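I have placed the structure first, in the form of structure tokens, so that the comments after it can refer back to it.
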Number of protein chains: 2
Amino acid sequence: MNSFVFANPTRLYYGKGQIEQHLSTEVKRHGSKVLLVYGGGSIKRFGLYEKVVHALSEAGIPVFELAGVEPNPRITTVHAGVALCKEHGIDLVLAVGGGSVLDAAKAIAAGACYDGDVWDFYATRRRPEAAIALGTILTHAATGSEMNSGGVITNWETQEKLSSSSPFTFPRFSFCDPENTYSVGREQTVYGIVDMFSHVLEGYFSQTSGTPLQERLCEAVMQTIVEWADVVLEHPDDYAAREAIMYCGTMALNGMITMGMQGDWATHGIEHEVSAYYDIPHGGGLAILFPHWMDAVIDAGPARFAQLAERVFHIAPDGKTERQLGEEGIAAVRAFLARIGAPDRLDHYQIDAQHFADMARHVTRGGPIGKFKPLDAEAVLAILHASL
Amino acid sequence: MNSFVFANPTRLYYGKGQIEQHLSTEVKRHGSKVLLVYGGGSIKRFGLYEKVVHALSEAGIPVFELAGVEPNPRITTVHAGVALCKEHGIDLVLAVGGGSVLDAAKAIAAGACYDGDVWDFYATRRRPEAAIALGTILTHAATGSEMNSGGVITNWETQEKLSSSSPFTFPRFSFCDPENTYSVGREQTVYGIVDMFSHVLEGYFSQTSGTPLQERLCEAVMQTIVEWADVVLEHPDDYAAREAIMYCGTMALNGMITMGMQGDWATHGIEHEVSAYYDIPHGGGLAILFPHWMDAVIDAGPARFAQLAERVFHIAPDGKTERQLGEEGIAAVRAFLARIGAPDRLDHYQIDAQHFADMARHVTRGGPIGKFKPLDAEAVLAILHASL
């Protein structure tokens, strides 16, 4: 493995009843004035909003609100949140929602401590040097944002969807109650599953040697996702299934399973290009692009693909070459995605090749992308065309 | 899974060269006066002592020393360390050694902020409410003490070996360089492997339902230990092998693989009774007792034993009952322990039945022990006799 430094300061609350029991205390510990950030208002429909407001009022803490955070959250929304924080001296951002809401809240928390435009943290190499405290209440199992320091923001003016992270943007606390994901519809549940599965694959496709435990930890998460995806889709009110999937989402991207391992994030990068033009669901874009990325890079390390086939999908290796077995692994990923009903062609979203050249050029503007097999603009273009 | 709260604040530095690069900064971040705690002096023989002292002098920080911490560290040694801290106003304890040194340092850090006798934290239900900062440099892959808040201390006067933990006794930082374990001899390496393997088993033998990912994470660590134990014993200077085993030790007991899972720590409890009378190596005691504990509790959940057999030891299930497969799992654990040269009878340490009744009574003084299958004094006595 590579030498590494690992630190993850998030205090994680999992399970039923934790919000009622601990939210008020956590809020008081970290803030005296709260900005409550949420999305389209579904949290009002299933009673979470009331529960949170009750806990905040119990804590005797003034609350301001920023509602309406979009899927693929926008820098304009972040700007509005930063302005509220600066105007009212907010010292705790409390995000209630899925990955988009949490990512927006991270940007707001960092922007509140920054004199320039918070977009700098996404568009340039500049990283936050401070942030106000951030807490989260998760309502969608997908991004892992509840226990990591990263986030993705979209700028429609420049047609860019970019990420940022810093040691200051870890949530101080996160509440994950599987019941708060019951109301997530089938399509969004599928996208969440695709997103977390992709996160693990992106860590797993690594050229770092000497990572036997990390590989097995990744395989553990992938196997659990594959086993429970069907259950959660068939029984969306099954607590154990929602819990297993929610927990996989958290573990997929909190850094615990890939310490000292250099992953390959090219697919996420390419998907962000597509979403920045077409505002499609991130998980949908990933489901389409990932298998084609795998086709494109298998030559750079067929052994890892073969290992995926054998250990995650339990495909017998007998008499097959590494390459053959690896290709069966890719086929198994495709079959899994098809089985859960994820889209497999960009055409599904009425996307054509019109902007492909711009996307390929933009995502490789800093040079070839990815570490498992670096891809130049031409290689990215080929993946986009294959995905049509 | 059970509802849970997870927080682990330790900043983990893994790999070659991290001490040279980061120790001085970390020390300055957390302290202004250091107590350096170490064991029998092996760290002087292989150059680590000099490296640490150099970093501390670079940091310009006054250093006091407590040398000679024993395996099965003693409360008398802890008392000496606490006295040094109080006398000199020490604000950072830096432990350089294996689990014993780290556990002693945890007790010292807590004792330095306590007016009473630090033994209270071990012998009673009282827990530390504060501790001075603690940092560690690990030289033996075994206990996981480098990334958890627990520790075990022995009191020879009362013939008790007891544990304690608190949110205040997590190391603030830990440096794990596999090269610092090259000089660990074969026997100690084996004991370390047994200890970490036991930690995973103790989390894994759980009656908590709904823990599919946690079980797989445990299986990932166990499989990696089984695969790499032979390599590290055959090639003690193999960096990749020392690294894999060291990393397994850390992950086995930092809480990351067993969130929301109620384990069974009866075997550790029984072993501590034996060590408290005979001062035998903890790993040696565990290797002897664990298979007999498994024999004694398999009825309470043969499915988990069968799963161990199938997933960790890759034993084919065909045509076997769960119980048969589970028993093959126990046999596989025995075979693994025998293969690496761990002892299998208490007689190996010239221990007879003389104190068994006292041990069984003492370990069950608060009621039956263990959660997978609670054991009363009689059941513990039977395990001890079976281990003779």
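The values are calculated or read from the model by the stated rules, or taken from the named source; none is laboratory data. Computed from a prediction, not measured in an experiment: that's the story for all the values here. Here Cβ is always computed from backbone atoms with ideal geometry, including for glycine, and neighbour counts include all displayed protein chains.
When you check B:ASN72 against the structure, is it on the phi > 0 side of the Ramachandran plot, buried (at least 16 other Cβ atoms within 10 Å of the Cβ) and either within 14 Å of another protein chain (Cβ to nearest Cβ) or of a type outside the set (A, V, I, L, M, F, W, C) (or both), yes or no? In short, yes. If you scan segment A:212-252, which residues turn out to be of a type outside the set (D, E, K, R), in contact with an Asp or Glu (Cβ under 9 Å, 6 or more places away or on another chain) and touching a residue at least 40 places away in the same chain (Cβ under 8 Å)? Scanning segment A:212-252 gives A:VAL232, A:TYR239, A:MET246, A:GLY249, A:THR250, A:ALA252.
Has segment A:2-19 got at least one residue that is of a type in the set (S, T, N, Q) and assigned to a strand (DSSP E or B)? Explain how you work it out, then say what you get.
Narrowing segment A:2-19 to residues of a type in the set (S, T, N, Q): A:2-3, A:8, A:10, A:18.
Checking the rest, the ones that are also assigned to a strand (DSSP E or B) come to A:8, A:10.
Yes, there is a match, as at least one residue in segment A:2-19 is of a type in the set (S, T, N, Q) and assigned to a strand (DSSP E or B).
Filtering segment B:253-296 to residues that are within 14 Å of another protein chain (Cβ to nearest Cβ), touching a Phe, Trp or Tyr at 6+ places or on another chain (Cβ under 7 Å) and either buried (at least 24 other Cβ atoms within 10 Å of the Cβ) or modelled with pLDDT under 95 (or both) leaves nothing.
The residues of segment A:69-94 that are in contact with a helix residue (DSSP H, G or I) (Cβ under 7 Å, 6 or more places away or on another chain) and among the small types (Gly, Ala, Ser) amount to a single one, A:GLY81. For segment B:189-209, a residue qualifies if it is within 12 Å of B:LEU337 (Cβ to Cβ) and hydroxyl-bearing (Ser, Thr, Tyr), and the qualifying residues are B:TYR191, B:SER198. Residue pairs whose Cβ atoms lie under 7 Å apart, separated by 6 or more positions or on different chains, with the first residue in segment A:16-39 and within 14 Å of chain B (Cβ to nearest Cβ) and the second of a type in the set (Asp, Glu), are A:LYS16/A:ASP177; A:LYS16/A:GLU179; A:GLN18/A:ASP177; A:ILE19/A:ASP177. For A:ARG365, indicate whether it is modelled with pLDDT of 95 or more and either in contact with a His (Cβ under 6 Å, 6 or more places away or on another chain) or assigned to a helix (DSSP H, G or I) (or both). Answer is no for this residue.
Filter segment A:359-388 down to the residues that are in contact (Cβ under 8 Å) with a residue 12 or more places away in the chain, surrounded by fewer than 16 Cβ atoms within 10 Å (Cβ to Cβ) and farther than 25 Å from A:PHE197 by Cβ and list them by number. Hits for segment A:359-388 are A:ARG361, A:ASP376, A:GLU378.
Going by the structure shown, is B:PRO171 touching a strand residue (DSSP E or B) at 6+ places or on another chain (Cβ under 6 Å) and either surrounded by fewer than 18 Cβ atoms within 10 Å (Cβ to Cβ) or not assigned by TED's automatic domain parsing to the domain that holds B:MET359 (or both)? Yes, satisfied. Please specify each residue of segment B:47-84 satisfying the condition of being among the small types (Gly, Ala, Ser) and not in a helix (DSSP H, G or I). Passing the criteria: B:GLY47, B:ALA59, B:GLY60, B:ALA67, B:GLY68. When segment B:232-246 is filtered for residues that are within 14 Å of chain A (Cβ to nearest Cβ), over 13 Å from the mean Cα position of the chain (by Cα) and assigned to a helix (DSSP H, G or I), the ones remaining, listed by number, are B:VAL232, B:TYR239, B:ALA240, B:ALA241, B:ARG242, B:GLU243, B:ALA244, B:ILE245. Taking the numbered list (1) buried (at least 22 other Cβ atoms within 10 Å of the Cβ); (2) over 20 Å from B:LEU92 (Cα atoms); (3) within 17 Å of the chain's Cα centre (by Cα) in turn, B:SER163 passes all entries but (1).
Quick check on B:ASP264: is it assigned to a loop (DSSP other than H, G, I, E, B), within 16 Å of the chain's Cα centre (by Cα) and more than 17 Å from B:ILE225 (Cβ to Cβ)? Walk me through how you get there before you give the answer.
Values: assigned to a loop (DSSP other than H, G, I, E, B): yes; within 16 Å of the chain's Cα centre (by Cα): yes; more than 17 Å from B:ILE225 (Cβ to Cβ): yes.
The answer is yes for B:ASP264.
Where strands (runs of 3 or more DSSP E) sit wholly within segment A:116-210, those with at least 1 residues that are under 28 Å from A:ILE19 (Cα atoms) and within 14 Å of chain B (Cβ to nearest Cβ) occupy A:133-138, A:173-176. The condition of being part of a helix (DSSP H, G or I), touching a Pro at 6+ places or on another chain (Cβ under 7 Å) and within 14 Å of chain B (Cβ to nearest Cβ) holds for only one of A:GLU227, A:GLU215, A:GLU219, that being A:GLU227. Among residues of segment B:287-299 that are within 16 Å of B:PRO368 (Cα to Cα), those with a Cβ under 7 angstrom from a residue that is of a type in the set (S, T, N, Q), sequence gap 6+ or separate chain, pair up as B:TRP293/B:THR267.
If we scan segment A:42-56, do we find a residue that is under 21 Å from A:ASP177 (Cβ atoms), within 14 Å of chain B (Cβ to nearest Cβ) and touching a strand residue (DSSP E or B) at 6+ places or on another chain (Cβ under 7 Å)? Before you say what the answer is, go through the steps one by one.
Narrowing segment A:42-56 to residues under 21 Å from A:ASP177 (Cβ atoms): A:42-56.
Still in the list and also within 14 Å of chain B (Cβ to nearest Cβ): none.
No - not one qualifying residue is present in segment A:42-56.
Restricting attention to segment A:47-64, the residues that are over 27 Å from the mean Cα position of the chain (by Cα), of a type in the set (Gly, Ala, Ser) and surrounded by fewer than 15 Cβ atoms within 10 Å (Cβ to Cβ) add up to 2. Residues in segment B:114-146 that are in contact with an Asp or Glu (Cβ under 8 Å, 6 or more places away or on another chain), in contact (Cβ under 8 Å) with a residue 12 or more places away in the chain and surrounded by fewer than 24 Cβ atoms within 10 Å (Cβ to Cβ): B:TYR114, B:TYR122, B:ALA123, B:ILE132, B:ALA133.
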